[in-house]
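Engineer: The structure that follows is given in the form of structure tokens.
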Amino acid sequence: MSLSMFNDGLYGRLRQQAGQHWHDYVSHTFVQQLAAGTLPHAAFQRYLTQDYLFLLHFARAYALLVSKLHTLPEMRAATTSLNAIVSELPLHLTYCAQWGLSESDIVNDAEAPETLNYTRYVLDIGHSGDALDLLAALMPCVAGYAEIGLGLLNNPATVMRDNPYAAWIQNYGDESYLAGVQASLTLFENIARQRGGESRFDALANIFTTATRLESAFWQMGLNAGNTSNALISA
């Protein structure tokens, strides 16, 4: 998978339509500091905790997607993504433990407003719309993380040696993750052809761009935690 593939199909047009909002998401200061290895640990810990809570609702969204699909191959494709998320949750907890976060720390933490806003938006789109609407809300996360991971791995300025975030970067450029992203993009394009994606472009673009903005807010939520921690230390 190369970065050029993110320009293809209806997904590519939605990504382009998101414009500056997309750039703000994939090039957010949080991402830049991950690449440099300079992100405050408190920022990453906040992100990890909220990302676990986010994934719980993302799994719910994929379960909802399965119920909105009509053919067995489509249902299998969505179920594969659902199973991947559910399987990732224990691994996520193991990774969090390496950052000093226990399972009780994570599951008992309150959802941040940014987590609530994003996850409930996606679920609301899923309940009020059809499978294509829901996929449009899901794809900025699914394919956006792949674009970020590949972009960082292919950028010679990215620091990998002695970078505490190197494993995170590698995870989102991993072949198995990218294969799942490719399957999701294929499903999205197939459903778009079946359900009049071109004629619904404006409405889908609004959903896609809104989800993109909520992704940026999620990064900022983590970054703010790091800034607050640094301010307390300085004080």
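Engineer: When Q170 is evaluated against the numbered criteria (1) over 21 Å from E114 (Cβ atoms); (2) touching a Leu at 6+ places or on another chain (Cβ under 8 Å); (3) open to solvent by 20 Å² or more (accessible area, probe 1.4 Å); (4) in contact (Cβ under 8 Å) with a residue 24 or more places away in the chain, which criterion, by number, is the only one it fails?
Structural biologist: (4)
Engineer: Taking the condition of being surrounded by 21 or more Cβ atoms within 10 Å (Cβ to Cβ) and under 21 Å from S184 (Cα atoms), how many residues in segment 109-131 meet it?
Structural biologist: The qualifying residues number 6.
Engineer: V142 is checked against (1) in contact with a helix residue (DSSP H, G or I) (Cβ under 7 Å, 6 or more places away or on another chain); (2) of a type in the set (V, I, T); (3) open to solvent by 20 Å² or more (accessible area, probe 1.4 Å) and fails just one. What number does that condition carry?
Structural biologist: Unmet condition: (3).
Engineer: Shifting gears a bit: Could you pull out the residue among A136, A217, A179 that is modelled with pLDDT of 95 or more, open to solvent by 30 Å² or more (accessible area, probe 1.4 Å) and within 17 Å of the chain's Cα centre (by Cα)?
Structural biologist: Sole residue among the options that is modelled with pLDDT of 95 or more, open to solvent by 30 Å² or more (accessible area, probe 1.4 Å) and within 17 Å of the chain's Cα centre (by Cα): A217.
Engineer: Under 7 Å between Cβ atoms, at least 6 apart or on separate chains: pull out the pairs that start in segment 181-208 with a residue that is within 14 Å of P73 (Cα to Cα) and end on any residue that is polar (S, T, N, Q) and open to solvent by less than 40 Å² (accessible area, probe 1.4 Å).
Structural biologist: Within 7 Å, the pairs are S184/S81.
Engineer: On the given criteria, is D162 at positive phi, acidic (D, E) and out of contact with any Asp or Glu (no Cβ under 7 Å at 6 or more places or on another chain)?
Structural biologist: Yes: the conditions hold for D162.
Engineer: Among the residues of segment 184-192, is there at least one that is under 17 Å from the mean Cα position of the chain (by Cα) and either modelled with pLDDT under 95 or among the hydroxyl-bearing types (S, T, Y) (or both)?
Structural biologist: yes
Engineer: Which residues, taken from segment 28-85, are touching a helix residue (DSSP H, G or I) at 6+ places or on another chain (Cβ under 7 Å), under 27 Å from H127 (Cα atoms) and of a type in the set (G, A, S)?
Structural biologist: Residues satisfying the conditions are A59, A61, A63, A77, A78, S81, A84.
Engineer: Of all the residues that make up segment 2-36, how many are on the phi > 0 side of the Ramachandran plot and either at pLDDT below 95 or more than 18 Å from the chain's Cα centre (by Cα) (or both)?
Structural biologist: 1
Engineer: Kindly list, by first and then second residue, each pair from a residue in segment 109-128 that is more than 22 Å from L93 (Cα to Cα) to a residue that is open to solvent by less than 80 Å² (accessible area, probe 1.4 Å) and not aliphatic (A, V, I, L, M), limited to pairs with Cβ atoms under 8 Å and residues at least 6 apart or on different chains.
Structural biologist: Short answer, once both residue conditions are applied: R120/H57; Y121/T210; V122/H57; V122/F58; L123/H57; I125/D133; G126/K68; G126/D133.
Engineer: Restricting segment 9-30 to residues that are open to solvent by 70 Å² or more (accessible area, probe 1.4 Å) and either aromatic (F, W, Y) or without any contact (Cβ under 8 Å) to a residue 24 or more places away in the chain (or both), which is nearest to I191 (Cα to Cα)?
Structural biologist: Only one residue fits best here, namely Q16.
Engineer: Could you check segment 75-108 and list, in sequence order, the residues that are in contact (Cβ under 8 Å) with a residue 24 or more places away in the chain, open to solvent by 50 Å² or more (accessible area, probe 1.4 Å) and assigned to a loop (DSSP other than H, G, I, E, B)?
Structural biologist: Of everything in segment 75-108, just one residue is in contact (Cβ under 8 Å) with a residue 24 or more places away in the chain, open to solvent by 50 Å² or more (accessible area, probe 1.4 Å) and assigned to a loop (DSSP other than H, G, I, E, B), namely G100.
Engineer: Would you point out which residue out of L39, L65 is outside any helix (DSSP H, G or I), crowded, with 20+ Cβ neighbours inside 10 Å and modelled with pLDDT of 95 or more?
Structural biologist: Being outside any helix (DSSP H, G or I), crowded, with 20+ Cβ neighbours inside 10 Å and modelled with pLDDT of 95 or more holds for just one of L39, L65, which is L39.
The values are calculated or read from the model by the stated rules, or taken from the named source; none is laboratory data. Because the structure is a prediction, the values reported are computed rather than measured. For neighbour counting, all protein chains shown are included, and Cβ atoms are generated from backbone atoms with ideal geometry for every residue, glycine included. Keep in mind that these areas ignore ligands, DNA and RNA; they rest on the heavy atoms of the full protein, side chains included. Shrake-Rupley method; radii C 1.70, N 1.55, O 1.52, S 1.80 Å.
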